[in-house]
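Asks: Quick one: this structure, given as structure tokens, is what I'll be asking you about.
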Amino acid sequence: MDDTKTRIIFAAIKAVRQYGLEGVRIQNVSELAGVSPGALYRYFHSKEQMLAECFTYVDRQAAAIFDHLKFNPLVVLSDPMKAVKKLWLPYFRFWVAHPDETVFYYRFRDSAAFPQYDKTRDASYFQSLGDIVRAFMETFPSLRQVNQDTLWLHMLTCTLMYAKYVVEGLLPNTRETENTVFQFLTVGLSGYLKPERPKRRRLG
């Protein structure tokens, strides 16, 4: 993207935090970006398209976290919950470090426009995360008993919600908060993170 489009996207994300998803206006965004409304419309034909592209931009940033994480399925066997936490912490800290993006992302996902957007978007940039999830499922076959959509929504929604509480000052940005949130998120998960035992052969 060129500099002007990037500036508009950052301005739109910030404007949504200030005015809300429904309350934000093109004028608000153009003022924050330092461009005229006419210039903004050269990049986006509507407010809806602009907000959808903002979401995709933030979504790609979040997905890129997993592109740089080292993951060894063999190590997972020794301490699976520690392995999950090592993957989760950079994700949680990304949201805490980006307040405008966190509030925007949370509000857009909770909007009436999101279900339609979600049906048509290309989320192939989450390939690294998908590879990690598949490796976990191969290591712990009992994870296949869990509805994967439900599991992902639980992890994403709770992570985002608590990160939002941190950036809004409702929770302190401390290790204690991170540890507590992680415990809340993973209650019950540990029961599925057990390697499958080989079936015993019957004699006779």
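Asks: Calculate one ³J(HN,Hα) per residue across region 26-38 by plugging θ = phi - 60° into the Karplus curve 6.51 cos²θ - 1.76 cosθ + 1.60, and present them in order as whole Hz with x for glycine and proline.
Replies: Each residue of region 26-38 in turn: 4, 4, 4, 5, 5, 5, 5, 7, x, 10, 7, x, x Hz.
Asks: Further, regarding this structure: Would you mind classifying the chain by shape? Square roots of the alpha carbon gyration tensor eigenvalues, ordered a ≥ b ≥ c; an a/c under 1.5 is rounded, otherwise it is prolate if a/b is larger than b/c and oblate if not.
Replies: In terms of gyration-tensor shape, prolate.
Asks: Then there's this: If packing is taken as the average number of other Cβ atoms within 10 Å across a peptide's residues, how do 15-22, 107-114 rank, most packed first?
Replies: For the peptides 15-22, 107-114, the packing ranking is 15-22, 107-114.
Asks: Leaving out ligands and nucleic acids, note down the accessible area per residue over region 1-117 with a 1.4 angstrom probe, in whole Å².
Replies: The answer is 51 Å² per residue.
Asks: Show me, for region 47-53, the HN-Hα J-couplings you get by feeding each phi into the Karplus relation (A = 6.51, B = -1.76, C = 1.60, θ = phi - 60°), rounded to Hz, glycine and proline as x.
Replies: 4, 4, 5, 4, 5, 5, 5
The values are calculated or read from the model by the stated rules, or taken from the named source; none is laboratory data. Being a predicted model, the structure only gives us computed values, none of them experimental. All Cβ positions, glycine included, derive from the backbone under ideal geometry; neighbour counts span all protein chains shown. Note: areas computed on protein heavy atoms with side chains; ligands, DNA, RNA excluded. Shrake-Rupley method; radii C 1.70, N 1.55, O 1.52, S 1.80 Å.
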